[in-house]
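Working notes, beginning with the structure itself.
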Amino acid sequence: MVSVVADTQAIVWHLTDPGRLARGARRAFAAVDAGRWLCHVPVIALIEISMLHERSRLRIGPAQFLDAIGGHPGYAVLGLDTAQAMEFDALLGVRDPFDRLVLAAARATRSRLVSADEALGDHGVERLWD
């Protein structure tokens, strides 16, 4: 089965404003929603969602987010583990720690990355967006 890791922006837009997604991201989420692909949601995305919600930059908080994906077999929250920590260590060129953790998750799970951030595609991970 094909697996993807969704960065925070991509998964939030998918749930709240899917029109902001580019064609490749929409196709990826359609495959996930249909149960053909698995979408790993790194636990760091829940922390980012919490921070954005706390600052009133996002309508949904982590509880609503989990309700939205809960019970759907195409989505799985990915806890931080040793493999991701080792990948994080190898990504010295990525300054933003949230981006670095999302990339580490994609590399550790050998997944494609759904992200609008073009800079994240240059680190041994196939980026799906356009």
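Bear in mind these aren't lab numbers, they're just calculated from the coordinates by the rules spelled out. Being a predicted model, the structure only gives us computed values, none of them experimental. Please note: Cβ atoms are built from the backbone with ideal geometry, for glycine as well, and neighbour counts cover all protein chains shown.
For this structure, a couple of remarks:
- Estimated purely from DSSP H runs of n ≥ 4, each contributing -39500 (n - 2.57), the mean residue ellipticity at 222 nm for the chain is -14000 deg cm²/dmol once divided by its residues.
- Centre separation in Å (Cα based) which lies between the stretch 2-70 and the stretch 114-130: 16 Å
- Under the Debye formula (equal points on every Cα, no solvent term), log10 I(q)/I(0) of the chain at q = 0.20 Å⁻¹: -1.19
- ALA116 long-range amide H proximity, modeled H, under 5 Å: ALA10
- Whole-number percent relative contact order across the chain, with pairs defined as alpha carbons under 8 Å at least 6 apart: 34 percent
- Of the residues LEU103, LEU128, the one with the fewest other Cβ atoms within 10 Å heads the list, and the complete ranking is LEU128, LEU103.
- In this structure the amide hydrogen of LEU58, modeled in the peptide plane, comes within under 5 Å of the amide hydrogens of HIS53, none closer than 5 places in sequence on its chain.
- One chain, two ends: ILE60 and ALA76. Fully extended at 0.36 nm per residue, the span grows by 3.9 nm beyond their Cα-Cα distance.
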